[in-house]
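Worksheet: the structure to be examined is printed underneath.
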Amino acid sequence: MSTDRNERHKKAMQRRKALVDEKVAQAQEERGVLIVLTGNGKGKSSSGFGTVIRCLGHGYKAGIVQFIKGTWDCGERDFILERCPEVPFHIMGTGFTWETQDRERDMEAASQAWEKAEALLKDESLHLVLLDELTYVLKYGWVTQERIFEALKNRPREQSVIVTGRAASKALCELADTVSVVDVEKHAFQAGIKARKGIEW
Ligand code: ATP
Ligand code: MG
């Protein structure tokens, strides 16, 4: 019985390996990718920052622009600012839009932050650029889609970009090479559990 099961498992794994090997052989193109991490579930920015660390671990350079979260305390930002001074990191200067309630100020801050992003998107030395919460800039029309897409499309060939944020537009998803939608199955906050330092921010 158990020998049978082992045999079946082995055959299944052989078939899977053959499929994976074929797919690996088919992937011939070498270039950076545009990744969009969107959806209402938890895990978008933390995945983006995790990938920055993955890059740094290989000795590559990465740059970050954080849109929206200007006044928000967050561990990953403090860590990178303090311990990785070589990583270009720009933070948009105002808080969440529902806190500032000032469209002019948001637009000005977003446009300044986008200029920093444009500089990173021209920098050949960067293996990865993280544009955290950029989807809101598009959603609120603080910077035109045309301007944002032009910079994304014309970036260095080897450079990858991660865009995070809820409600990524159809056009952005079409432009991207990889799109992951993080869904909410449940979230502790919905059950009345307070956001935790080091987990939520
Ligand atoms: P994280 O930074 O934890 O990866 P995120 O980038 O996917 O989260 P955002 O939409 O940027 O999520 O939300 C920012 C904050 O809200 C984070 O503290 C995050 O943990 C929390 N959060 C994310 N999704 C939910 C949710 N569905 N309900 C309540 N809080 C959430
Ligand atoms: Mg986020």
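Throughout, read-outs are computed from the coordinates displayed, never taken from laboratory work. None of the values given here were measured: they were computed from a predicted structure. With ideal geometry, Cβ positions are generated from the backbone for all residues, glycine too; neighbour counts draw on all protein chains shown.
Sparse packing (at most 11 other Cβ atoms within 10 Å of the Cβ) combined with a DSSP loop state is found for the following trypsin sites (Lys or Arg not before Pro) in the stretch 1-35: Arg31. Among Val20, Val65, the ranking by other beta carbons within 10 Å of each residue's beta carbon, starting with the fewest, stands as Val20, Val65.
Listed by chain and number, the lysines whose alpha-carbon sits under 25 Å from that of Lys197, ignoring those within fewer than 8 places in the same chain, are Lys42, Lys44, Lys69, Lys186. Sequence-ordered 3J(HN,Hα) estimates for the stretch 133-145 from the Karplus curve with 6.51, -1.76 and 1.60 and θ = phi - 60° stand at 6, 5, 4, 5, 5, 5, 4, 8, x, 5, 10, 5, 4 Hz, glycine and proline given as x. Peptides 133-146, 184-197 ranked from most to least packed, by the mean per-residue count of other Cβ atoms within 10 Å: 133-146, 184-197.
Starting from the Cα of Val181, step 7 Å toward the Cβ, then list every residue of the stretch 20-47 with an amide N under 14 Å from that point. It comes to 36-41, nothing else. Using C-alpha pairs below 8 Å separated by at least 6 residues, the relative contact order for the stretch 30-185 is 43 percent. Here's the picture: charge each Lys and Arg Cβ at +1 and each Asp and Glu Cβ at -1 in the stretch 30-185, and of Gly32, Val161, Gly59 the one pushed furthest to the positive end of that dipole is Gly32.
Placing unit charges on C-beta atoms (Lys and Arg positive, Asp and Glu negative, everything else neutral), compute the dipole magnitude of the chain about its Cα centre in debye, rounded to 20.
Values: 31 positive and 30 negative charges, 209 e Å.
The calculation lands at about 1000 debye.
Per-residue Karplus couplings for the stretch 190-201, computed as 6.51 cos²θ - 1.76 cosθ + 1.60 with θ equal to phi - 60°, are listed in order as 5, 9, x, 8, 5, 4, 10, 4, x, 10, 8, 8 Hz, Gly and Pro entered as x.
Let a ≥ b ≥ c be the square roots of the eigenvalues of the Cα gyration tensor of the stretch 43-191; is it rounded (a/c under 1.5), or, if not, prolate (a/b larger than b/c) or oblate? Rounded is the answer for the stretch 43-191, as its axis ratio a/c remains below 1.5. Extending 7 Å from the Cα toward the beta-carbon at both Val33 and Glu158 defines two label points whose distance is 1.9 nm.
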